[in-house]
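The structure appears right after this line, and notes come after that.
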Amino acid sequence: MPFNSVFSWLIGKRMARLNDCRDNPFALQYSVFNFLISEGKSTEFGLRNQFNSIISYSDFSKHVPLQDYGTLKDLIDRSIEGEESLLWPGKTNWFAKSSGTTADRVKILPVTSNSLFNNHYVGGKDLLAQYYANLPNRELFNAKHLIVGGSGETRTKENGVFVGDLSAIIVNNLPWWTEWRRAPKKEIALQSDWEKKLNDMAKATIYENICILAGVPSWTLLLLKRVLEISGKKTISEVWPNLELYIHGGMNFGPYQQQFDALIGNSKMNYVESYNSSEGYFGLQDQLNSKDLLLLTNSEVFYEFIPINEFDGINSKTVVPLEEVKTDVDYALVISTSAGLWRYIIGDTIRFSSIKPFRFRVTGRTSHSINGFGEKMIVDHTEKAISEACSKTNAAIMEYTVAPYFNLQNSNGGHEWVIEFSKEPADYEGFKIALDEALKKFNSDYDVKRFQNMNIDFPKFHFVEQGTFHRWLKSKNKLGGQHKVPRLMNNREILEQILLKND
């Protein structure tokens, strides 16, 4: 079709940006740095932190302390009430409610015109450009894109400020040519009742020509299963024969891919990962044969990194810019953005696999880890172990969480797992053993401490009925496409809450 040819040509012109990210990351980062400092000088935060005297990264790191949500909350709250030029010049019209996986408190983060149009939207267009470059002759323009976005209360205040999920902000401000290609209709996509929305989305899209699917894996699976129930078809390919691309992010896809393959039923299906959060769009998968993400260095985000073994929140002493990072080291990500988040510790950890160009993987959360016995377990370890155990026992999971238990009589303890399967293992005992062995393989500290149960006992397991985690999320008012279950916690509060929902 002529439209597809024109779209392919236009989107292909964006490859110069991505090639620049690969070839000139340092120059791009310092161009972004200078832009952010120049724009931030007139803000209350900039005046407070002497932006007028900042001419180098060294000045920036000296004058501007590390920030988290608590330290910026007062300025964010005042911005929500309509005060201008507190964190970014002018009025901030949109605020995104984060998923808040680690606590009951939901963070409300600023989204400016700059960050929406020059970061979030740019990242999405860059991903499509790379996809077309990797797989030429696509015909995606005339078909529909189905985005499984978040659900939750949205409100527009009297001062015109909008507060809601990032997906609602994105959908409400899409250009006409993108809105024309999106499904379902806006009235359904922005519903706050997730369970009703799931059903309405399935009904509204079973007769659409869907070619691209995007969303968090766990919630997208629920939608696909509902589509099959309503349509009466055996595979999604029978419902949407032109579906060819699933864009995922928000959690490791490894434990879910087998389920997607079975539900979709198309051996030519393409899976592409992106790193897009309420705070910004930071990376995308630029290679078909690797899940590593290309760091987007020219999208109005300046990056810094804290080695995780030296991480102490906003009191961390060691913070390095991009040119000082090393491969195979876990870093807490620090960002300064055109949304007005300055030296903000986002809470994610990443590990670079390459520095020429800068490619990385998200390895977990600074707050999602277990170190009850010196094992330094992170989400990357458990995700890999879950995938391996499922593969060996022909199982598939929906959700899981882990916390330590302590056995004071024996002066040790271990890890306690709550797991919800979408496909039960052929051998439950075999699954337990396979998971424990895989954890030893992926975490040498765990391996040493598991030797003869010296410091860590064999794990405890609770295999809960389907819907248990769903009920827990609902009790926390966290149903919907942006909310995720905490995987690893050093305390047992969330694990015990979830077990109470297994009735």
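The values are calculated or read from the model by the stated rules, or taken from the named source; none is laboratory data. Keep in mind that this is a model prediction, so the values were computed, not measured. Because the Cβ atoms are built from the backbone with ideal geometry, glycine has one as well, and the counts that use them run over all protein chains shown.
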Matching option when the condition is in a loop (DSSP other than H, G, I, E, B) and either surrounded by 16 or more Cβ atoms within 10 Å (Cβ to Cβ) or basic (K, R) (or both), among K203, K234, K197: K234
Got at least one residue in the stretch 367-381 being at pLDDT below 95, within 29 Å of L36 (Cα to Cα) and part of a loop (DSSP other than H, G, I, E, B)? yes
Please identify the pairs in which a residue from the stretch 456-483 that is at pLDDT 85 or above has its Cβ atom under 9 Å from the Cβ atom of a residue that is small (G, A, S) and in a helix (DSSP H, G or I), counting only partners at least 6 apart or on another chain. F469/S218
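Report whether or not L322 is touching a residue at least 24 places away in the same chain (Cβ under 8 Å) and surrounded by fewer than 22 Cβ atoms within 10 Å (Cβ to Cβ).
Taking the combined requirement at face value, the residue satisfies it.
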Is one or more of the residues making up the stretch 458-472 of a type in the set (G, A, S) and outside any loop (DSSP other than H, G, I, E, B)? no
Quick check: is even one residue across the stretch 409-424 in contact with a Pro (Cβ under 6 Å, 6 or more places away or on another chain) and part of a helix (DSSP H, G or I)? no
Subset tally (residues that are aromatic (F, W, Y) and closer than 16 Å to A202 by Cα) for the stretch 231-273: 1
If you go through the stretch 447-481 one residue at a time, how many are touching a strand residue (DSSP E or B) at 6+ places or on another chain (Cβ under 6 Å) and among the aromatic types (F, W, Y)? 3
If you scan the stretch 267-290, which residues turn out to be assigned to a loop (DSSP other than H, G, I, E, B) and buried (at least 17 other Cβ atoms within 10 Å of the Cβ)? M269, S278, E279, D286
Give the residues of the stretch 46-87 that are in contact (Cβ under 8 Å) with a residue 12 or more places away in the chain and touching a Leu at 6+ places or on another chain (Cβ under 9 Å), sorted by residue number. Q67, Y69, L72, L75, I76, S79, L86, L87
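Matching residues to (1) closer than 24 Å to D328 by Cβ; (2) touching a Cys at 6+ places or on another chain (Cβ under 7 Å); (3) not hydroxyl-bearing (S, T, Y):
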| residue | (1), (2), (3) |
| --- | --- |
| T382 | yes, no, no |
| A396 | no, yes, yes |
| E399 | no, no, yes |
| N412 | no, no, yes |
| E416 | no, no, yes |
| K423 | no, no, yes |
| G430 | no, no, yes |
